[in-house]
1. Could you give the Stokes-Einstein D for region 235-372 in µm² per second, using the C-alpha Kirkwood radius, 4 °C, 1.567 mPa s?
2. Can you give the longest stretch of the chain with no exposed loop site, where a site means trypsin sites (Lys or Arg not before Pro) in a DSSP loop (not H, G, I, E or B) with at most 16 other C-beta atoms within 10 Å?
3. Of W59, A256, V318, whose Cα points farthest to the positive end of the dipole of the chain (charges on the beta-carbon: +1 Lys, Arg; -1 Asp, Glu; origin at the Cα centre)?
4. What is the Cα centroid distance between region 208-227 and region 94-157, reported in whole angstrom?
5. What's the carbon and sulfur percent of the chain's accessible surface, probe 1.4 angstrom, rounded to a whole number?
6. Find the centroid of the Cα atoms in region 257-289 and in region 162-189, then give the distance between the two in whole Å.
7. In a shell of Cβ-Cβ distance under 10 Å around T6, excluding T6 itself, what net charge do Lys and Arg (+1) and Asp and Glu (-1) give?
8. With all protein chains present, calculate the accessible area of H356 using a 1.4 Å probe and round the result to the nearest 10 Å².
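The values are calculated or read from the model by the stated rules, or taken from the named source; none is laboratory data. Quick caveat: nothing in here was measured; it's all calculated off a predicted structure. Using ideal geometry, Cβ is built from the backbone for each residue, glycine included, and neighbour counts are taken over all protein chains shown. Just so you know, the surface numbers come from the protein's heavy atoms only, side chains and all, with ligands and any DNA or RNA stripped out. Shrake-Rupley method; radii C 1.70, N 1.55, O 1.52, S 1.80 Å.
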Amino acid sequence: MQLSSTLCWLVDAASEAPGADRLLAELGAHLVQDGLPLAGGALTLAVPHPLIAKRTWLWRAASGEIIEALGFASGSALGFAPGGFPAAFGSTPSDDPGRHWLTGIADGVVQQDRVGPRSDGPLLAWIGPRAFAPDEIDELQRAARFAAAPLAAIAARDTLRAALEAYLGRRSTARVLASPLRRNVGETIQAALLFADLRGFTALSESHPPSDVISALGAWFDRIAGAVHAFGGEVLKFIGDGVLAIFPVVGDSPRAACAAALQATLAARLGMARLDSERERQGLRPLPFGVALHVGEIFWGNIGAADRLDFTAIGPAVNLVSRLEGLCRPLGKRVLVSGALAAQTEMPLIALGTHHLRGIASPCAVFAVPED
């Protein structure tokens, strides 16, 4: 069987494309080289993600430009980015940014094919300056058929990465995928640490139905984790109603990481204040919390049993920040800062003296962030 250069590439090399976007661009370029009159193409994939249901990549033949549209699981309406490009689309069948975009860049008729046997499989679409001839449609359909295997390989890689990022975070996922799956594999790094915990969660759990408790937890985690991620940190663990996050030190000075941890904490505090106001209007109790910040050395990597691993951070710095958070209630403060982190910031802090922390050999200088 004589195969075109496009089909040979799909069989031999397309699976090595770093992502679906590059596969679309290279596939389009091969089709053009084989004589097909293409103005642009689109590829839509369903993705396993907590927020995103679909991703569509849009390729313009003249420039090689690739842009991306996201379809959110909540079913948000079709939106547009600057220049008339779709920025977001819903989950209903009519929300098709690929077809919508293609019809806006050329006068031809969109040729769209389902890749693979699944009814929810990838969609591959093309448009040219004129309607495609029957033999050209046949060639595009063959390309869609031969694209099934490489797209399945790319989708499997993306699924693995998306699942790991949802449970581990982006930085930790990159480390896991780049390292052997072995116990004690990791690295020692410097990081600013944030440990946060809700107050009265046990009482809340015992006095409210599970749906209310889960809703409160979700609202709390949205505020604290959203602030951490907004300022470049990463949530390592949700521990019951607690959160452990890190802001890795880049370069020789920890000042930037410490500043980011403080800014994230202040942003979370504002978010929780708004949430408490909203809960009060609904007749619900506020959600008091405590946050501790510290900076130090941690082991960031794999721990656990020989065949059951956890990717996390351990070390004296982690122990200290969790114990420091336990002082928030007795000291009547929402945010406490260790002396080590206080020394790396110019933010005005309130000195609270030196305190002994349970299980920590040396006493710790403790500071508070002003409440106003």
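1. Values: Rh = 16.3 Å.
Diffusion coefficient, whole number: 80 µm²/s.
2. Of all site-free stretches, the longest is 200-357.
3. V318
4. Centre-to-centre (Cα) distance: 41 Å.
5. Details: 10100 of 18410 Å².
Taking all protein chains in place, the chain shows 55 percent carbon and sulfur surface.
6. Between the Cα centres of region 257-289 and region 162-189 lies a distance of 30 Å.
7. In short, -2.
8. Only protein atoms counted, so the area is about 140 Å².
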